[in-house]
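S.K.: Before I ask anything, here is the structure I am working with.
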Amino acid sequence: MKKIFCLVIAAALIAGGYSLSISNGVWAANPAKPAAKAGKVAPQGSCKSCHADFSSVIPENHPPVKGNDLSACTSCHAPDLAGSIDKNTFSVRMHLAHLPPRGKVDCLVCHSWQDAKSFGLIGYKDSWGSPAADEMKLIREIFESWASGDFLDHLHAKGSISCANCHGKAFPGFDVTVGNKRCLECHGPMEQLVKKTEPPEFKDRNPHESHLGEIACTVCHKGHSESKVYCLECHQNFQMTIRGEAKTKP
């Protein structure tokens with residue numbers, strides 16, 4: 001009777017979507033993994049679940065593309081592992097096309113990641129860094145802001161500026177900022193920037209020629225959060241605006 005009872009229980013578990021395993025003589029019931037929905041999950045490094053071919057997503061005069069995985073693109077468009085200041089239009093277009101609002105593709109379809117060990121591109125041995133799980137969560141949030149947000153990161157995305165153009169090769173951590181030297185490689189030299197932002201009236205109110213001396217660009221200009229005019233902390237009667245500030249004032 002006991003044997004029959006065990007068989008009945010086992011059959012009920014299997015019918016309910018569980019699998020049975022044994023370890024050290026002890027059986028365990030394991031919930032079955034949900035089946036992937038057809039057309040929803042792409043294999044790692046593969047584009048074919050969404051794109052039968054690349055003809056609809058590449059420029060009209062683009063040379064023919066062979067294959068349907070990442071190597072079909074990266075054989076010509078090599079990833080920037082050096083952190084160059086030069087624009088990588090291909091990388092920007094790829095990310096914008098697959099991030100909200102245009103797409104919703106998980107990072108790990110194209111990227112390889114080992115928790116706190118490495119983060120790279122499938123098919124490449126090099127790594128940009130070693131983000132832990134909490135950092136990966138933040139990266140996903142920042143990339144969505146870069147793709148469609150209200151801050152400076154999205155303004156840079158529209159100008160074909162990627163992460164590496166500001167942060168260089170090093171994988172940015174929680175407390176990493178961008179130095180003035182990096183900003184001025186695109187927006188400088190400082191003398192030119194001062195001249196560009198000189199007010200037609202009240203020339204002494206030039207935000208880039210402060211009476212406080214040299215100030216970090218990031219005091220006012222925030223890449224992934226609201227930018228604020230530091231001058232207004234004291235000079236509240238000044239009429240000054242900044243790109244990347246909050247859309248709605250309190």
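S.K.: Is there any pair with a first residue in region 66-87 that is of a type in the set (Val, Ile, Thr) and a second that is open to solvent by less than 60 Å² (accessible area, probe 1.4 Å) whose Cβ atoms are under 7 Å apart and which are 6 or more apart or on different chains, and what are they?
M.R.: 85/165
S.K.: Further, regarding this structure: Could you list, ordered by first residue, the pairs with Cβ atoms under 7 Å in which the first is in region 126-145 and within 15 Å of residue 115 (Cα to Cα) and touching a residue at least 40 places away in the same chain (Cβ under 8 Å) and the second is open to solvent by 50 Å² or more (accessible area, probe 1.4 Å) and charged (D, E, K, R), at least 6 apart or interchain?
M.R.: As it stands, the answer is 130/117, since those pairs meet every condition given.
S.K.: Identify all residues within region 229-250 that are among the β-branched types (Val, Ile, Thr) and either under 22 Å from the mean Cα position of the chain (by Cα) or surrounded by fewer than 12 Cβ atoms within 10 Å (Cβ to Cβ) (or both); write none if there are none.
M.R.: Within region 229-250, 241, 248 meet the criteria.
S.K.: I've got another one for you. From (1) at pLDDT 95 or above; (2) under 17 Å from the mean Cα position of the chain (by Cα), pick out the condition that doesn't hold for residue 167.
M.R.: Single failed check for residue 167: (1).
One line per residue, one yes/no per condition, for (1) among the β-branched types (Val, Ile, Thr); (2) at pLDDT 85 or above; (3) open to solvent by 70 Å² or more (accessible area, probe 1.4 Å); (4) farther than 22 Å from residue 137 by Cβ:
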| position | (1), (2), (3), (4) |
| --- | --- |
| 30 | no, no, no, yes |
| 94 | no, yes, no, no |
| 99 | no, yes, no, no |
| 111 | no, yes, no, no |
| 115 | no, yes, yes, no |
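S.K.: Here's a follow-up. Can residue 226 be described as under 29 Å from the mean Cα position of the chain (by Cα), surrounded by 11 or more Cβ atoms within 10 Å (Cβ to Cβ) and closer than 30 Å to residue 119 by Cβ?
M.R.: Here the answer is yes, as residue 226 does meet what is asked.
The values are calculated or read from the model by the stated rules, or taken from the named source; none is laboratory data. Being a predicted model, the structure only gives us computed values, none of them experimental. With ideal geometry, Cβ positions are generated from the backbone for all residues, glycine too; neighbour counts draw on all protein chains shown. In case anyone asks, the SASA skips ligands and DNA or RNA and just uses the protein heavy atoms, side chains included. Shrake-Rupley method; radii C 1.70, N 1.55, O 1.52, S 1.80 Å.
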